[in-house]
Amino acid sequence: MAADPPVRLVVLFGGQSAEHEVSCVTAAHVLRAADPQRYAIEAIGITREGQWVAAEDAQAALAGGAAALPESLTAIGPAIDPTGAVVPVAGGHETVVVFPLLHGPMGEDGTVQGLLELAGVPYVGSGVLGSALAMDKVVAKQITDKAGIPQARWRAWRSHQVTDATVDDAIAELGLPLFVKPANMGSSIGVSKAHDRAEAQEALELALSYDEWVIFEEAVVAREVELAVLGNHEPRVSVPGEVRPAAEFYDYEDKYVDGAADLLIPAPLSPELTTRFQDLAVQAYTALRAEGMARVDFLFEEDGRGPLLNEINTIPGFTPISMYPKLWEASGLGYGELIDELVRLALERHDARSKTHRTDR
């Protein structure tokens, strides 16, 4: 009996958001770790202008083996049709799974997920709704508030609501220092910690340059604890990890450039607190309709309110210094095995959704 053809694994990277470069680095490491015996691996890039391209440099490097891959991919190559690039060949028997590694807007927010749903192609990670809910920090906070998950105090404004009094109102309610963030962005891009009114005004203008919604959050004196969640209907959760930033907060440089932050895995927590964090992580994952994978980030106010949900990331970083794969490695699931499980979950969800979307009834 002939062996089943390998799964065609399409790694989708780049994108139009400010996190384009992060995506290119993440994709290189996923390509390096995916098992070529199990997958027919293909790289498709999306340029900063939104053009889908065949990443020929990455494909050529793959032909030379994982070691030939660069540290970061480039979204350069011949233009291709977005849906045609991922739809299975007519009459063929291949199984296609798309692995979107598009951090931030126009990739992590349900847009690409919707395109893949229309194309009828399985993909890794949360669906349209879960991706959109988690990406928009305002809506995510509203939903998790309703679910009873504790959070730091916050206020949000849309650009047309911002007035000369906005910063003063935020400071009066939340105090100083405070954090100012664009609602739809990740990797700490556009995030500032403001210590006075002038800094808060500058931070507001910066955040609004990335998104029309801006969030002000109280600055909590707390430890930063993160957990990795994996699964569809029955999510499982990793051991918690603790981030001790090298900078004043866990910023872009710490996450992706110098890796100077200390990552303590597992986090030094009591068994009772570990269970509490794990339970809250699954609650947040479920409330926001996440599927496949997500990293759930908390602030831990030891002498006060305890665990406070910070945010959930449905396409977490996969670089060698990223928390998500490190947490699973510490929980007994290696990098390559993690990719295999994510592909399995993508096929599982696609099969389940296909049964409910039938039109021949």
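Quick rundown of the values:
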{"item": "Residue order, fewest to most beta carbons within 10 Å, for S23, S17, S192, S331", "result": "S331, S192, S17, S23"}
{"item": "Cβ-based exposure ranking for L133, L101, in which fewest neighbours within 10 Å come first", "result": "L133, L101"}
{"item": "Among Q278, Q142, Q113, residue whose mean-square fluctuation peaks in a GNM of the chain (springs only between Cα atoms under 10 Å)", "result": "Q142"}
{"item": "Highest-MSF residue in the chain out of P271, P177, P150 [GNM, Cα springs under 10 Å]", "result": "P271"}
{"item": "Where labels lie 7 Å past Cα in the beta-carbon direction, separation of E348 and E21 in nm", "result": "3.7"}
{"item": "Pairwise centroid distance, computed over Cα atoms, of the range 285-361 with the range 5-62, Å", "result": "20"}
{"item": "Gain in span if fully extended, A330 to Q59, counting 0.36 nm per residue against the direct Cα distance", "result": "94.4 nm"}
{"item": "Distance between modelled label sites at L118 and I321, nm, 7 Å Cα→Cβ extension", "result": "3.9"}
{"item": "Backbone N under 17 Å from the T356 label point (7 Å along Cα→Cβ), restricted to the range 92-111", "result": "none"}
{"item": "Residues L204, L264, sorted so that the one with the fewest Cβ neighbours within 10 Å comes first", "result": "L264, L204"}
{"item": "Gaussian network model of the chain, springs between alpha carbon atoms under 10 Å - residue of A165, A147, A267 with greatest fluctuation", "result": "A165"}
{"item": "Over the chain: helical MRE at 222 nm, DSSP H runs n ≥ 4 each giving -39500 (n - 2.57), nearest 500", "result": "-10000 deg cm²/dmol"}
{"item": "Number of Lys pairs (Cα under 22 Å; 8 or more positions apart or on different chains) in the chain", "result": "11"}
{"item": "Fraction of antiparallel bridges per DSSP, the chain only, in percent to nearest 5", "result": "75"}
{"item": "Value in Å of the Kirkwood radius, where the range 7-123 supplies the Cα pairs that are averaged", "result": "14.0"}
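FYI, it's all coordinate maths here, none of it is from the lab. Computed from a prediction, not measured in an experiment: that's the story for all the values here. Glycine also receives a Cβ, built like all others from the backbone with ideal geometry; neighbour counts cover every protein chain displayed.
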